[in-house]
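Just below is one structure, and these are the notes that go with it.
The values are calculated or read from the model by the stated rules, or taken from the named source; none is laboratory data. These numbers were taken from a predicted model, which means no experiment stands behind them. FYI the Cβ positions are ideal-geometry reconstructions off the backbone, even for glycines, and counts take in every protein chain you see.
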Amino acid sequence: MQLLVTTADDAVFNLDVSDEMNLEDFLALCRHESVFLQRFSTSELSILFNGCTFHNMKQTLREIGLKSGDLLLVTRNPLNISSASASNIPSTLSTNDVIASLDFSNIRPTNKQDHSNAQISEGPSIRMLFDQLVNDQPKMNRLRHNDPELAAAAQKKDYGKFSTIIKQRLEARKHELEKRRRILADPFSPEAQQLLLQDIHRQQIDEHMQIALEHTPENFGVVTMLYVSCKVNGHDIKAFVDSGAQTTIMSEACAKSCNILHLVDRRFAGIAQGVGTSKIMGRIHLGQLQIGKDYLPTSFTVLENQNVDLLLGLDMLRRHQCCIDLKRNKLVIGTTGGETDFLPESELPPSARQPKTPIDDDVQLDQVIADSLKNVATGSNQPSGSESHIPVQPNENDILNLTQMGFSREESIKALNEASGDANKAAAILLARTIANK
């Protein structure tokens, strides 16, 4: 049967198990799936289901009433019941019984002053991030696309405003994390079920992406557009083959260089609409297009602002019964039987090289800043790829303080490893990623 398991660190995973499996084996399987649960032995863990906590490790999943599709919580046993004494207590305890049995007498209230001193100071981390941005123009340019408000403060070198924005976002992140914890405190509430469903969907998306990266990595690359070499009025041109365009289009600059601009019939002027809009100067009713050894009579619609010199549209392709043969990487002209190779990427015109988009900059911003901060942390000016980085064992207090800033335990450990254990630099790395994912 399929069971949905959640843990105290908000992890969610599915397990396919037999209903005859006992609780001890089931908890061992859960520990294998969860890094959080691996911190505790099986005897220190318990199962919460339908408001009851189960400790008898010899019971089977069927005996405690679990069915396929059920959701249960695996958490640390609040009573610290050892395996030796587990048999001396009832097999089930209600939630109220568990709470009533807790002993709070030995808990010392945390001193507020001590707590504030133990925390990682946000100031140095924010200052470090601020200095990285104001002293590096490429990073600033990326930030403008992704976060204009923060970029404006950094560009004006207004550290006060920059710090205020970051702290406000950290505070909002803390509130969101606290809200999530409150909701998941009752894993069977509708709100918690909705959150868990969202987590499952995110996990499915991540799994699909990993599968795609493994089996179809080419989907994450940039496809080379189809260009062919041709001539118009004896002038060499690299034409873009676009079967999605209705008409064959030529730029004003190209028409001028081919000495056919005077043939434009301006009675056909207008506005071309596609992804954007562009002014149509008019139409050249008959031009001589040479592809290979074939001469093809073609009409051209001339656009005023067009970055592609010549675009072979569907009107020309249909008239000459052209076939785009991707298997042989050729454009076949049906009316003449001629064919020509599509140009390799190295021979494409500059207009065919895709510019870096703001989305690309957003994705890279956090990594660029994080790499810079890692270099500072390790005292190296070398690129991060040339370092033989050895992960250090993060300090548990540093992990706790970073999680109190609103970051998950996994994020905190990863950042501390990247910063070679420096807590403030780890915080700066996490702040940089928060900016990019805003």
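When restricted to residues that are surrounded by 24 or more Cβ atoms within 10 Å (Cβ to Cβ) and at positive phi, the range 406-426 contains 0. For the criterion of being modelled with pLDDT of 80 or more and not in a helix (DSSP H, G or I), residue 64 passes. For the range 163-196, the set of residues classified as farther than 27 Å from residue 47 by Cα and in contact with a Lys or Arg (Cβ under 9 Å, 6 or more places away or on another chain) consists of 163, 169, listed by residue number. Of all the criteria given as (1) closer than 18 Å to residue 9 by Cβ; (2) without any contact (Cβ under 8 Å) to a residue 60 or more places away in the chain; (3) charged (D, E, K, R); (4) in a helix (DSSP H, G or I), the one not satisfied by residue 186 is (4). The sole residue among 375, 381, 397 that is over 30 Å from residue 229 (Cβ atoms), exposed (fewer than 11 other Cβ atoms within 10 Å of the Cβ) and at pLDDT below 95 is 381. Before we move on, is residue 408 of a type in the set (Gly, Ala, Ser) and either modelled with pLDDT of 80 or more or touching a strand residue (DSSP E or B) at 6+ places or on another chain (Cβ under 9 Å) (or both)? No, not satisfied. Among the criteria (1) more than 19 Å from the chain's Cα centre (by Cα); (2) in a helix (DSSP H, G or I); (3) under 30 Å from residue 51 (Cα atoms), the one residue 199 does not fulfil is (1). If we scan the range 206-226, do we find a residue that is under 30 Å from residue 331 (Cβ atoms), of a type in the set (D, E, K, R) and either modelled with pLDDT of 90 or more or surrounded by 14 or more Cβ atoms within 10 Å (Cβ to Cβ) (or both)? No, the conditions are met nowhere in the range 206-226. Can you tell me which residue in the range 260-311 is nearest to residue 246 (Cα to Cα), limited to those that are in contact (Cβ under 8 Å) with a residue 24 or more places away in the chain and hydroxyl-bearing (Ser, Thr, Tyr)? Per the criteria, the residue is 301.
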